[in-house]
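Here's the structure we're looking at; comments come further down.
The values are calculated or read from the model by the stated rules, or taken from the named source; none is laboratory data. Note that this is a predicted model, so its numbers are computed, not measured. Counting neighbours? That spans all protein chains shown, and the Cβs are built from the backbone with ideal geometry, glycine included.
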Amino acid sequence: MEPRYTLEPSIHGHDEMPSNNTMAKPSSFRAVYKIEDSQEIDVDVSLDLDHVFSFGTSSGGTLALALGFGVPRPVAGIFDMYGPCNFPDPFWTSELAHVAAKLPKNLTEDFMNKVYDERPVPIVGGVSLEGRAQGPPDFSDPRPAFAMTQIASGNVLGAIYPSKDWKSVDPLLNVNQDFPPTYIAHGAADTMVPIDLSRDLLRALEEHGIKSGMCEIPGEEHTFAAKMQVGSQTWDLQRRGFDFLQNLI
C-alpha cells in the first residue's frame, strides 16, 4: 500500500489523523487491477502479517520509521531512504542559504498563510522535493511559497509540529530494544537532510542491538532515488536496502 500524504501546516501532530489500528488488523484487502481496454478485476490478496515491511524516501522515510514505534503492531522491517530524524538537532532550526537564494523577494506572510484556509486539505500539487515536479516551484501558488520559505528559514518542523514534542514523532528518540530491523540509505552530498542525522539514527539502532545497516551513496544529493539510473552505482548501492528486507523473510 502507498498512502498519499502531505506536509500540512494546518494539521498539527495527531490532530484529525485516522487511527493506525485499522492498518494492523485486516488479513486481506481488496486490490483492483485495471488493464487498458479490459474490465477491472477485483481480487482478494492475503497478507502475511508477520512480514509487513515499510519503505519510504525523505518524509516518506520518516513515515516508514514511524511504523516501528507507537503502533499496535510494528512492521517486521524498515528501509529508510534519507528520512528526516533527530529533530532536536540544531540543523532543523538553521537557515539554508542555498534554498533562500531561490525565493522571490516579494513573498508576503498574508499570501503564504493562505495555506491555512484551504479545505479540504489538498494531497496533490504543491511542491515536491522528490524529483517529480515539472520545473521549478511555482511561487504564484501559496503552498510552494510557504513550504520553501519554511525550509529556507529553518522552520519546517516548527510549522508542521509547533508543540515541538519531538519524543512523540522522532524515530531516533523512540529507538529501543523492540525497534524493527532497519536499513538506511543516504546521499553523502545531501544538503537538505544531512547524512549525519542518519548516522545518528544508525548509532542509536546499534547501541540498542537492533539488526541494522546503512549505505552512504557517494556524491548524491537529497531525493536521488527519483533520478537514479538502473545499473548505476547508486542503483546498486540502494538495492542493499531491499536485499536487507528480503533476508528478513
Given (1) at pLDDT 95 or above; (2) not assigned by TED's automatic domain parsing to the domain that holds LEU65, GLU118 misses just (1)
Pairs, first touching a residue at least 24 places away in the same chain (Cβ under 8 Å) and in the same structural domain as SER198 (by TED's automatic domain parsing) in the range 219-235, second in a helix (DSSP H, G or I) and β-branched (Val, Ile, Thr), C-beta under 7 Å, six or more apart: GLU220/THR234; PHE224/THR234
Working carefully through the options ALA204, ALA225, find the one that is at pLDDT below 95, in a helix (DSSP H, G or I) and more than 21 Å from ASP50 (Cα to Cα). ALA225
Between a residue in the range 196-207 that is farther than 18 Å from GLY77 by Cα and any residue that is at pLDDT 95 or above and of a type in the set (S, T, N, Q), which pairs come within a Cβ distance under 8 Å, given they are 6 or more apart or on different chains? LEU197/ASN86; ASP200/ASN86
Kindly establish whether PHE69 is in a loop (DSSP other than H, G, I, E, B), closer than 28 Å to SER212 by Cβ and touching a residue at least 40 places away in the same chain (Cβ under 8 Å). yes
Any residue at all in the range 135-158 that's surrounded by fewer than 16 Cβ atoms within 10 Å (Cβ to Cβ), small (Gly, Ala, Ser) and modelled with pLDDT under 90? yes
Restricting to the range 158-172, count the residues that are assigned to a helix (DSSP H, G or I) and in contact with a Pro (Cβ under 8 Å, 6 or more places away or on another chain). 3
